[in-house]
Amino acid sequence: PGLAYTWIFNNNTLDLQGDSRRFVSQATGNLYLAKVEPWDVGNYTCAVSSAEARRRVWGPPTALTLRGDGVMGEYEPKIEVRFPETTYAAKGSSVRLECFALGK
(Lines give C-alpha, C1' and ligand atoms only; values in the text may rest on other atoms or scores of the structure.)
Protein backbone atom coordinates (compact mmCIF):
# COMPACT_ATOMS: atom_id res chain seq x y z
CA PRO A 1 0.00 0.00 0.00
CA GLY A 2 1.12 3.51 -0.74
CA LEU A 3 3.37 2.51 -3.64
CA ALA A 4 2.93 3.84 -7.18
CA TYR A 5 4.56 2.29 -10.23
CA THR A 6 5.64 4.15 -13.36
CA TRP A 7 7.51 2.89 -16.39
CA ILE A 8 10.04 4.89 -18.37
CA PHE A 9 10.62 4.00 -22.03
CA ASN A 10 13.86 5.31 -23.58
CA ASN A 11 14.12 8.01 -20.87
CA ASN A 12 10.50 9.19 -21.32
CA THR A 13 7.65 8.40 -18.93
CA LEU A 14 5.12 6.09 -20.57
CA ASP A 15 1.74 7.79 -20.89
CA LEU A 16 -0.74 4.94 -20.70
CA GLN A 17 -3.94 7.01 -20.70
CA GLY A 18 -6.15 5.63 -23.46
CA ASP A 19 -3.51 3.02 -24.38
CA SER A 20 -5.28 -0.28 -25.05
CA ARG A 21 -2.04 -2.23 -25.66
CA ARG A 22 -0.08 -1.45 -22.49
CA PHE A 23 -1.05 -1.75 -18.84
CA VAL A 24 0.77 -1.34 -15.51
CA SER A 25 -0.55 -3.36 -12.60
CA GLN A 26 -0.55 -1.12 -9.53
CA ALA A 27 -0.70 -4.30 -7.43
CA THR A 28 2.55 -5.82 -8.76
CA GLY A 29 4.19 -3.06 -10.80
CA ASN A 30 4.33 -5.36 -13.84
CA LEU A 31 4.13 -3.79 -17.30
CA TYR A 32 2.08 -5.76 -19.81
CA LEU A 33 2.36 -5.18 -23.58
CA ALA A 34 -0.07 -6.72 -26.04
CA LYS A 35 0.75 -7.14 -29.72
CA VAL A 36 4.37 -5.95 -29.58
CA GLU A 37 5.29 -3.68 -32.49
CA PRO A 38 8.71 -2.62 -33.82
CA TRP A 39 8.33 0.80 -32.17
CA ASP A 40 8.07 -0.92 -28.75
CA VAL A 41 11.75 -1.90 -29.00
CA GLY A 42 13.95 -0.01 -26.53
CA ASN A 43 14.83 0.25 -22.86
CA TYR A 44 12.20 0.02 -20.13
CA THR A 45 12.85 1.15 -16.56
CA CYS A 46 10.50 0.75 -13.61
CA ALA A 47 10.20 3.61 -11.12
CA VAL A 48 8.57 3.01 -7.74
CA SER A 49 7.50 5.90 -5.56
CA SER A 50 6.09 6.23 -2.07
CA ALA A 51 4.38 9.48 -1.10
CA GLU A 52 4.50 8.42 2.55
CA ALA A 53 8.28 7.87 2.46
CA ARG A 54 8.78 10.79 0.06
CA ARG A 55 11.05 8.62 -2.02
CA ARG A 56 11.33 7.37 -5.59
CA VAL A 57 13.68 4.65 -6.81
CA TRP A 58 14.47 3.30 -10.28
CA GLY A 59 15.30 -0.22 -11.29
CA PRO A 60 17.89 -1.08 -13.93
CA PRO A 61 16.82 -0.66 -17.57
CA THR A 62 15.52 -3.75 -19.35
CA ALA A 63 15.96 -3.97 -23.11
CA LEU A 64 13.13 -5.21 -25.30
CA THR A 65 14.20 -6.61 -28.67
CA LEU A 66 12.28 -8.40 -31.39
CA ARG A 67 13.25 -11.86 -32.54
CA GLY A 68 14.04 -11.86 -36.24
CA ASP A 69 13.33 -15.56 -36.76
CA GLY A 70 9.68 -15.37 -35.76
CA VAL A 71 10.12 -18.39 -33.49
CA MET A 72 8.66 -18.11 -30.01
CA GLY A 73 10.22 -21.34 -28.70
CA GLU A 74 9.58 -21.53 -24.97
CA TYR A 75 7.06 -18.70 -25.30
CA GLU A 76 4.53 -20.60 -27.38
CA PRO A 77 0.96 -19.55 -26.69
CA LYS A 78 -0.49 -20.65 -23.40
CA ILE A 79 -3.17 -19.41 -21.08
CA GLU A 80 -2.68 -19.72 -17.36
CA VAL A 81 -5.27 -19.16 -14.71
CA ARG A 82 -4.00 -18.93 -11.16
CA PHE A 83 -6.96 -18.09 -9.02
CA PRO A 84 -7.39 -19.59 -5.58
CA GLU A 85 -10.19 -22.11 -5.34
CA THR A 86 -12.11 -19.69 -3.12
CA THR A 87 -11.83 -15.92 -2.85
CA TYR A 88 -13.27 -14.26 0.24
CA ALA A 89 -14.46 -10.66 0.38
CA ALA A 90 -16.29 -8.56 2.93
CA LYS A 91 -19.70 -7.33 1.90
CA GLY A 92 -19.39 -3.95 0.19
CA SER A 93 -15.65 -4.32 -0.44
CA SER A 94 -13.93 -4.46 -3.85
CA VAL A 95 -12.26 -7.52 -5.34
CA ARG A 96 -9.80 -7.57 -8.24
CA LEU A 97 -9.04 -10.73 -10.21
CA GLU A 98 -6.38 -10.48 -12.91
CA CYS A 99 -6.16 -12.74 -15.92
CA PHE A 100 -3.79 -12.59 -18.88
CA ALA A 101 -2.41 -14.67 -21.73
CA LEU A 102 1.18 -15.01 -22.92
CA GLY A 103 2.49 -15.88 -26.35
CA LYS A 104 2.38 -15.00 -30.01
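For the reader, a short list of remarks on this structure follows.
- Rounded if a/c under 1.5, otherwise prolate or oblate - region 1-59, Cα gyration tensor axes: prolate
- Length released on extending from Arg67 to Asn43, taking residue separation times 0.36 nm less the Cα-Cα span: 7.1 nm
- Asp15-Ser50 pseudo-label distance in nm [points 7 Å out on the Cα-to-Cβ vector]: 3.1
- Probe 1.4 Å, accessible area per residue of region 1-62, Å²: 71
- FRET efficiency for Ala34 and Ala89, using Cβ-Cβ distance with R0 set to 30 Å, rounded to 0.05: 0.60
The values are calculated or read from the model by the stated rules, or taken from the named source; none is laboratory data. What you see is a predicted model, and the numbers here were worked out from it, not measured in a lab. For neighbour counting, all protein chains shown are included, and Cβ atoms are generated from backbone atoms with ideal geometry for every residue, glycine included. Keep in mind that these areas ignore ligands, DNA and RNA; they rest on the heavy atoms of the full protein, side chains included. Shrake-Rupley method; radii C 1.70, N 1.55, O 1.52, S 1.80 Å.
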